[in-house]
Amino acid sequence: MNQLPKLSLDLIDVCTESPSFTLNQGTPQGGDYFINDIQSTIFDIKELAAGPQSISYYYTDTVNNCSNHIQRTININPSPIAKFAFSPEFSNLDNPNIFFGNTTLDIDSNVWNLGDGTIFSDSLEFWHSYPDTGTYQIIYTVRNQFNCFDSTTHTVIIHPVYQFFIPSAFSPNQDGDNELFYPVIIGGNDYTLYIYSRWGELIYEEFNGAWDGKVNNRNSINGVYGYTVIVHDFKDKVFKYTGILSLLR
C-alpha cells in the first residue's frame, strides 16, 4: 500500500492593507490551492472580505499517484486608518507651539515623527515647540491589536515673523546698483506693486513685480513718484502700504 504524501501549509494572518500574494506556501510544491472552495493561485486581499478565509491545498504524488489535502485558516484583520489633528495650521516664530492630537480609532500604539528630529511614542496628545522657521513633514504611524499598521503625513510650516521693508529711492542707470524698485517682505506670500506719477496717474501695476523706472519701455524722468503695495501675509491677512519714492538716474 502506498503512503499518502505528507503535506504542510504555512500561512500567517494578514491585514486589510497588506499586498496580495501568490499561494505557494504548501509543501511539497506543485499542488492546487482553493480559497473558500474556489480554486485560485492568488490570495487577493482587496477582493476578499475581512475575517477568516479557508485555504485548502491538494497535492498528488506523481510517483505513486496518491493524493492528499490539507486545510488552514488565514485571518484578514482590519487595518487602522491613521489620522491626527494639529493646531494652529499657520504659525510663525512668535508662536511656534503646535498642538498634536490622535484621532485614529482603536489603536494599541503610535509613533510621531515631528520632522525636526523629535520622535514621540504612545502619546495621544501633546504640544511641541519648533526651534526655527521651516517646513516640517509630520509622519504619524499607528498599530492596532492585530499588529496591523498605517501611517499618514501632514506638513507644518513655521513662518518667519512678518516684516516689510521698502526703499525711499532707486537709481536705474545701468550701473548694477539699485536698478529696481520693489519691497522686501519677510513672512509674507504675495504682493501687488502700484506706481503713480506726480499727478496721481497709475503708470505701473504688477503682481510680485519690480519697477525698472520705465513706462511703455521708455525711461521715466527723475523725480518723485507715489507707490502703493498690497501684501498678503502667510495667514492671507492683507496689509496696505503707501508712500513716495525718488527716481534718481
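Summary of computed values
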| read-out | value |
| --- | --- |
| Student exercise, the chain dipole from Lys, Arg, Asp, Glu Cβ charges, in Debye to nearest 20 | 460 |
| Cys residues of the chain counted as unpaired, since no other Cys beta-carbon is under 4.7 Å | Cys66 |
| Largest-first principal axis extents of the Cα set of region 69-191 (Å) | 91, 36, 22 |
| Quarter of Cα convex hull surface for the chain, i.e. mean projection, nm² | 23.7 |
| Order of exposure, largest accessible area first, which applies to Ser151, Ser8 with probe 1.4 Å | Ser151, Ser8 |
| Only Lys, Arg (+1) and Asp, Glu (-1) charged, at Cβ; region 2-52 dipole about Cα centre in debye | 180 |
| Average accessible surface area per residue within the chain, 1.4 Å rolling probe, Å² | 60 |
| Selection of GluC sites (Glu not before Pro), region 152-249, meeting DSSP coil and at most 11 other Cβ within 10 Å | Glu201 |
| Counting DSSP beta bridges with both ends in the chain, the antiparallel % (nearest 5) | 90 |
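The values are calculated or read from the model by the stated rules, or taken from the named source; none is laboratory data. What you are looking at is a predicted structure, and each value in this text was computed from that prediction instead of being measured. Methodologically, a virtual Cβ is constructed for each residue, glycine included, from the backbone with ideal geometry; neighbour enumeration extends over all protein chains shown. Surface accessibility is based on the protein's heavy atoms, side chains included, excluding ligands, DNA and RNA. Shrake-Rupley method; radii C 1.70, N 1.55, O 1.52, S 1.80 Å.
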